[in-house]
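Values in this text are rule-based calculations from the coordinates and carry no lab data. None of the values given here were measured: they were computed from a predicted structure. Here the Cβ positions follow ideal geometry from the backbone for every residue, glycine too, while neighbour counts run over all protein chains shown.
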Amino acid sequence: MSENTLNIEFAGQDAVIPFQVEPLDVRGRAVQIGPMLDTILDRHKYPEPVSRLLAETVVLTVLLGTALKFEGKFILQTQTDGPVSMIVTDYTTPGSVRAYARYDADAVANLETPDPISLMGKGTLAMTIDQGEYTQRYQGIVQLDGVGLEEVARRYFRQSEQIPTELRLAVGEVLTRNEGGRPRHNWTAGGVLLQFLPDSTERMRQKDLHGGDGADEDNNFQEDDAWSEAQALMQTIDDVELTDGSVEPERLLYRLFHEHGVRVFEGVSVNDNCSCSAEKVEGVLAGLSQEERNESVEDGKISVTCEFCSSTYSFDPKSFQ
């Protein structure tokens with residue numbers, strides 16, 4: 001990607017940009033999301049710290065989900081003992097995203113430092129790949145033990161995929177004014193995922209994780225120079241470069257890797273699109289026992305609200321008899 005190629009039409013927000021830097025043997029994806037994120041968060045009216053955490057999770061899900069080379073779904077789910085007890089985000093090919101969080105409002109409000117680590121507490125994060133009916137799901141589980149989502153993703157790839165991986169995530173808020181001059185709040189978020197994929201798997205070798213007390217540390221380990229340089233460049237990314245709409249992902253990638261030459265590919269659009277429907281909900285209710293359906297009746301009807309998109313579906317209990 002040269003100076004001249006910066007005259008291309010940028011993919012804009014809500015689009016994932018795959019890229020490759022051949023001299024460093026790295027590939028990755030970059031994204032900046034805005035309108036889609038606003039739609040998801042405005043729907044639920046979460047407290048500000050919960051919105052930030054969910055936004056960061058959406059970015060991570062999009063970066064990982066767009067790696068799927070087949071029709072399917074990537075699901076990221078946390079289960080923890082913190083004020084935000086559960087987060088579920090999923091990406092369905094070719095570009096549908098949905099997300100929600102369960103939280104204790106009082107516990108969130110009482111946190112002195114409502115950062116992602118304090119909000120989640122300890123527990124697990126599961127990453128699941130679902131290729132649909134008649135296939136077996138693949139799932140990787142990582143412990144959440146006082147680390148943020150960036151470090152969790154690094155651990156996942158190190159333990160489950162053995163691929164050296166670096167990433168940056170950021171969430172921002174933008175205050176603008178509408179046509180009437182009233183203040184308007186918007187969310188924006190972005191991220192970059194980078195992976196080291198040389199032809200020689202020996203070059204991908206990573207330093208062993210420390211085994212705990214009494215374990216010997218390998219002081220002779222030397223990381224591949226290309227990967228060391230790529231990591232160092234990633235560490236220069238400021239949060240504002242990931243969240244500012246005037247700094248397109250393509251410009252950021254050029255700033256990072258122009259000395260080596262970065263090749264960007266066609267962007268993949270992502271959209272807020274829930275997969276729920278009246279037919280699907282009706283099918284779930286039909287699979288319940290009569291006793292379970294009777295327990296769900298209120299005011300003469302069975303109402304089910306989707307936790308992702310907040311759509312409510314109502315049914316006549318007699319239709320299942």
Out of 251, 52, 177, a Gaussian network model of the chain with alpha-carbon springs under 10 Å gives the largest mean-square fluctuation to 177
Applying 1/(1 + (r/R0)^6) with R0 = 45 Å to the Cβ-Cβ distance of residue 295 and residue 175, what FRET efficiency is obtained, to the nearest 0.05? 0.45
For an R0 of 35 angstrom, estimate the FRET efficiency from the Cβ-Cβ distance between residue 206 and residue 263 and round to the nearest 0.05. 0.85
Inter-probe distance in nm under a simple model that places probes 7 Å from Cα toward Cβ, at residue 232 and residue 320: 6.3 nm
C-alpha long axis of helix 48-65 to longest principal axis of the chain, angle in °: 70 degrees
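Are there GluC sites (Glu not before Pro) in segment 235-321 that DSSP puts in a loop and that have at most 13 other Cβ atoms within 10 Å, and which ones? Don't jump to the answer; show the numbers that get you there.
Working: sites: 241, 250, 259, 266, 279, 282, 291, 292, 295, 298, 307; in loops: 259, 266, 307.
Passing sites in segment 235-321 are 259, 266.
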Sorted peptide list for 71-79, 32-40, criterion being average Cβ within 10 angstrom, highest first: 32-40, 71-79
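Taking R0 as 41 Å, what's the FRET efficiency between residue 288 and residue 135 from their Cβ-Cβ distance, rounded to 0.05? The partial results should precede the final answer.
Numbers: r = 26 Å, r/R0 = 0.63.
The pair residue 288/residue 135 has a calculated efficiency of 0.95.
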Give, rounded to the nearest 20 debye, the magnitude of the charge dipole that the chain has about its Cα centre when Lys and Arg contribute +1 at Cβ and Asp and Glu contribute -1 at Cβ. 760 debye
Kirkwood hydrodynamic radius of the chain, Cα pairs, Å: 21.7 Å
Can you list the lysines whose alpha carbon sits under 28 Å from that of residue 73, skipping same-chain ones fewer than 8 residues off? 45, 122, 280
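Please give me the summed charge of the neighbours of residue 316: other residues whose Cβ is under 14 Å from its Cβ, Lys and Arg +1, Asp and Glu -1. Mind showing how you got there, number by number?
Working: positive: 293, 301, 318; negative: 282, 298, 299.
With Lys, Arg at +1 and Asp, Glu at -1, the net is 0.
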How tilted is helix 225-234 with respect to the longest principal axis of the chain? Cα atoms for both, answer in degrees (0 to 90, nearest 10). 50 degrees
How do 239, 106 line up, fewest other C-beta atoms within 10 Å first? 106, 239
Take the alpha carbon atoms of segment 285-301, find their center, do the same for segment 137-194, and report the distance between the two centers in whole angstrom. 39 Å
Per DSSP H run of at least 4 residues, take -39500 (n - 2.57); add these up for the chain, divide by its residues and hand me the 222 nm value, nearest 500 deg cm²/dmol. -7500 deg cm²/dmol
Rounded to 10°, Cα long-axis angle of helix 35-44 versus longest principal axis of the chain: 40 degrees
Considering only DSSP states other than H, G, I, E and B, which chymotrypsin sites (Phe, Trp or Tyr not before Pro) in segment 236-321 qualify as loop sites with at most 14 other Cβ atoms within 10 Å? 265
